[in-house]
Structure formats: C-alpha cells, structure tokens
1. I171 passes all but one of (1) free of Cβ contacts under 8 Å to residues at least 40 places away in the same chain; (2) in a helix (DSSP H, G or I); which number fails?
2. Filter region 156-168 for residues that are under 19 Å from G141 (Cα atoms) and free of Cβ contacts under 8 Å to residues at least 12 places away in the same chain and give the result.
3. Could you count how many residues in region 122-138 are within 23 Å of G103 (Cα to Cα) and open to solvent by less than 20 Å² (accessible area, probe 1.4 Å)?
4. When you scan region 174-205, how many residues do you find that are more than 26 Å from G102 (Cβ to Cβ), free of Cβ contacts under 8 Å to residues at least 40 places away in the same chain and touching a Ser or Thr at 6+ places or on another chain (Cβ under 6 Å)?
5. Looking only at region 74-104, count every residue that is assigned to a loop (DSSP other than H, G, I, E, B) and over 11 Å from the mean Cα position of the chain (by Cα) and tell me the total.
6. Please state which of the following conditions V187 fails to meet, knowing it meets all the rest: (1) within 15 Å of the chain's Cα centre (by Cα); (2) closer than 23 Å to C80 by Cβ; (3) among the β-branched types (V, I, T); (4) open to solvent by less than 20 Å² (accessible area, probe 1.4 Å).
7. If I ask for residues that are of a type in the set (G, A, S) and either closer than 23 Å to A159 by Cα or in contact (Cβ under 8 Å) with a residue 60 or more places away in the chain (or both), which ones from region 99-140 would you list?
8. Run down G157, G103, G141, G109 and say which single residue is closer than 21 Å to A91 by Cα and either open to solvent by less than 10 Å² (accessible area, probe 1.4 Å) or hydroxyl-bearing (S, T, Y) (or both).
Amino acid sequence: TAELHPLRGTVRLLLTPENRFHYENFIDILLDYVRRLRERKEPAAGAPAPEAGLHVSPAMRRTWERVRKAAASEETVLLCGESGTGKSYYARVIHDIGPRCGGPFVEVGLTAEVGSDNLIQSNLFGHVRGAFTGADEEKRGLFALADGGSIFLDEIGDASPELQAKLLRVIEKKTFKMLGGVRDLSVNVRIIAATNRDLAKLVQQ
C-alpha cells in the first residue's frame, strides 16, 4: 500500500515482510500521484484565467502576476488596500488556483463588530467545556475546520495584541491551544490575511 500526501509532495510506500516488491505496481502508483499533483496545481484544460474577459491595464497585469505567484507558494499572504478594492475576491482566487484548491476555504472577520475578543478567539481556535460562561460543551474552531486548506483572516489590523500573539504561534509552529485548553493542537493551514489599515504606522505607534 502507499500513503500519498499531495499537499506535502510526498509518497510513502508500506511493505509487509511477506510481500514481494512489484515495480510495475509502484510505477503505476507514482504516475497516478503525479497526475493528482498536476490536477491540484494546474488549472483545468481550457479554463479561463481569473482575469479573462476584463480590460486589464499594465498595472493590473502586474497585480495578477503577483496573485499567481502568491497562489503557487505556501507562504502566508497579506493583502493590503482600502475597503472595496477586492481583497476578499483575491483571497479566494489565491486559494482556488493554488495547490490547496481541493481543501476547505474558511473566511473569518476579526473586526470588533463581530463580537468580543473571547468570542473571536473561540471561533478561531475552538474552546473546551467550561472555558467561559455558557461554554457547556467542547467546540472545534475555524482553524481546525480549515485543516488541509486555507483560512482567510479579514481585517487582521483589528486583531487584539493577545490574538496577534496566538496567531504568530500558529504561523511559526502550526500549533494552537483551544480557548481554556492546555493541549497543543497541530494544524496544516495556509493563512491569507487582509487589512485596510496602515500596519507599519500602527507598529510605530
């Protein structure tokens, strides 16, 4: 048997002592694996580019080149721009034409209008029973639901310092703790964030 992991780009062959190694079967497995990788990383034959049908200026062509370059990587992406400039749209495109297109795409707003900081953290990381008043049972968060795909953090500039520290841990170590929990949970998520605020200025302040 073989364990295929298209997101990591690995294949692991498992052989029991009594089984003989069959090269032809192994080649078939590798060819199928390559085909699946290509289907994830390449647009379907004849599929139009996201900007097809638009009048694309030289500046917008440069933007689309950067979008495609970002989509092809596994790096964290930050989209900056005023409200109404299409940040949510570009986040979805980056996911849809990237190697994680087969996985979930989860969008969450971090603005204070969504609710209290505890509520936002509970939605992102989940919570254990008794973490706060009304937490009668354990709940999985959006990071867990986005495992294997992408999570879009809209209005990242509105995140509290406490939430920023927890997000940094997820970015650096790919682990997090549920609200009120003590156990580290691992997650394989690509983070795409957006803001309409001047983050460099906020850092100085």
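1. Here I171 meets the rest and fails (1).
2. Initially, region 156-168 is screened for residues under 19 Å from G141 (Cα atoms), giving 156, 159-160, 162-168.
Passing the criteria: Q164, A165, L168.
3. Narrowing region 122-138 to residues within 23 Å of G103 (Cα to Cα): 122-126.
Those left that are additionally open to solvent by less than 20 Å² (accessible area, probe 1.4 Å): 122, 124-126.
Going through region 122-138 one residue at a time, the tally reaches 4.
4. Within region 174-205, residues that are more than 26 Å from G102 (Cβ to Cβ), free of Cβ contacts under 8 Å to residues at least 40 places away in the same chain and touching a Ser or Thr at 6+ places or on another chain (Cβ under 6 Å) number 1.
5. The initial filter retains those residues of region 74-104 that are assigned to a loop (DSSP other than H, G, I, E, B), namely 74-76, 81-86, 97-104.
If we keep only those that are over 11 Å from the mean Cα position of the chain (by Cα) too, we end up with 81-86, 97, 102.
Counting residues in region 74-104 that are assigned to a loop (DSSP other than H, G, I, E, B) and over 11 Å from the mean Cα position of the chain (by Cα) gives 8.
6. Every listed condition holds for V187 apart from (2).
7. Applying the first criterion (of a type in the set (G, A, S)) to region 99-140 yields 102-103, 109, 112, 115-116, 122, 126, 130-131, 134-135.
Residues satisfying the conditions are G102, G103, G109, A112, G115, S116, S122, G126, A131, A135.
8. On the way: G157 fails: either open to solvent by less than 10 Å² (accessible area, probe 1.4 Å) or hydroxyl-bearing (S, T, Y) (or both); G103 fails: either open to solvent by less than 10 Å² (accessible area, probe 1.4 Å) or hydroxyl-bearing (S, T, Y) (or both); G109 fails: either open to solvent by less than 10 Å² (accessible area, probe 1.4 Å) or hydroxyl-bearing (S, T, Y) (or both).
None of the others qualify; the one that does is G141.
The values are calculated or read from the model by the stated rules, or taken from the named source; none is laboratory data. Worth saying up front: this structure is predicted, and the values here are computed from it rather than measured. Here Cβ is always computed from backbone atoms with ideal geometry, including for glycine, and neighbour counts include all displayed protein chains. Keep in mind that these areas ignore ligands, DNA and RNA; they rest on the heavy atoms of the full protein, side chains included. Shrake-Rupley method; radii C 1.70, N 1.55, O 1.52, S 1.80 Å.
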